[in-house]
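Report on one structure; see the data block that follows.
The values are calculated or read from the model by the stated rules, or taken from the named source; none is laboratory data. Quantities reported herein were computed from a predicted structural model and do not represent experimental measurements. Cβ sites come from the backbone with ideal geometry, for glycine too, and all protein chains shown count toward neighbours. Please note that ligands, DNA and RNA were not included when accessible areas were found on the heavy atoms of the full protein model with its side chains. Shrake-Rupley method; radii C 1.70, N 1.55, O 1.52, S 1.80 Å.
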Amino acid sequence: MIDFEQRYTRRRATRSRKHLPILRNERLTAMAGLALFVLLLVELVVTAKLHTLLSVHIFLGIVLAGPLTVKMLSTGYRFARYYTGSPVFVEKGPPHWLLRLVAPFMVLLTLIVFASGFALAILGPSRMGLFFDIHAASVALWIPLVAVHVFAHFRKVPRLVAHDLTKRPGYHVSGRNGRVALNIFSLIVGFIAAILMIPVSTPWRHFQYAQSVSPPFAVGIVLAVIAIFIAVPLLRIGRRD
């Protein structure tokens with residue numbers, strides 16, 4: 001697998017416009033991913049105290065939908081370009097085989113987690129029905145997959161974002177202002193949606209969560225630790241970048 005970031009920034013004499021799509025896509029994905037990571041980290045802390053911070057949990061969950069949309073569309077674009085035979089994306093190569101194996105399940109669980117979460121926020125505790133069980137089970141399975149995904153990218157993503165924001169010569173990739181604006185816009189839309197949902201989700205303020213620590217959260221964290229231990233040696237197999 002070719003590291004286009006290094007090729008582009010260290011070999012300025014060999015730059016080619018054909019590599020710009022993959023570089024722009026990588027940096028857009030990285031920026032959205034970093035925003036998601038920060039918000040998810042806060043959300044996990046809040047979820048650990050769900051019995052007192054349930055309203056905050058709902059608010060942050062809605063905010064997350066903004067950058068999550070950018071991230072999924074950006075990765076979906078790379079997926080589509082690769083499997084439709086775009087030369088530069090084919091040359092770049094697919095993600096690590098383990099991440100490709102995990103990806104369909106993570107996408108499916110992400111959709112279930114957020115769809116069931118939105119449904120719960122709208123329906124309220126009196127009509128949550130099966131949605132609560134679906135949300136709880138999907139969260140417990142989703143957390144370990146996200147943990148593996150984050151572990152696989154936690155060194156590369158900050159570097160890509162730092163390169164995109166720096167003014168040092170040799171690191172510039174066109175479209176930076178658009179990438180920054182799109183990510184800021186997604187956060188603003190997420191915050192506006194969360195604010196608009198406050199009156200709708202008001203009944204949850206009076207809901208008393210019985211456990212001090214959410215069982216799905218606790219199960220998810222345990223599974224995440226196990227998943228990372230399993231993923232560490234597997235991520236070394238077939239790694240070429």
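Assorted remarks:
- Candidates Val45, Val56, Val38, filtered to the one that is open to solvent by 40 Å² or more (accessible area, probe 1.4 Å), more than 16 Å from Ala136 (Cα to Cα), without any contact (Cβ under 8 Å) to a residue 24 or more places away in the chain and under 14 Å from the mean Cα position of the chain (by Cα): Val38
- As for segment 118-127, it holds at least one residue that is outside any helix (DSSP H, G or I) and either farther than 19 Å from Leu187 by Cα or open to solvent by less than 50 Å² (accessible area, probe 1.4 Å) (or both).
- Lone qualifier among Arg168, Arg179 - being under 20 Å from Gly33 (Cα atoms), of a type in the set (D, E, K, R) and either under 17 Å from the mean Cα position of the chain (by Cα) or not in a helix (DSSP H, G or I) (or both): Arg179
- The listed residue being within 17 Å of Leu40 (Cβ to Cβ) and either β-branched (Val, Ile, Thr) or open to solvent by 50 Å² or more (accessible area, probe 1.4 Å) (or both), out of Val189, Val173, Val200, Val161: Val161
- In segment 59-101, the residues that are open to solvent by less than 70 Å² (accessible area, probe 1.4 Å) and not in a helix (DSSP H, G or I): Gly85, Ser86, Gly93, Pro94, Pro95, His96
- Pairing residues of segment 67-96 that are farther than 11 Å from Ile22 by Cα and modelled with pLDDT of 90 or more with residues that are open to solvent by 60 Å² or more (accessible area, probe 1.4 Å) and part of a helix (DSSP H, G or I), at Cβ distances under 7 Å and at least 6 apart in sequence or on separate chains, gives Val70/Leu182.
- Meets criteria (surrounded by 12 or more Cβ atoms within 10 Å (Cβ to Cβ), under 30 Å from Leu23 (Cα atoms) and not aliphatic (A, V, I, L, M)) for Pro216: no
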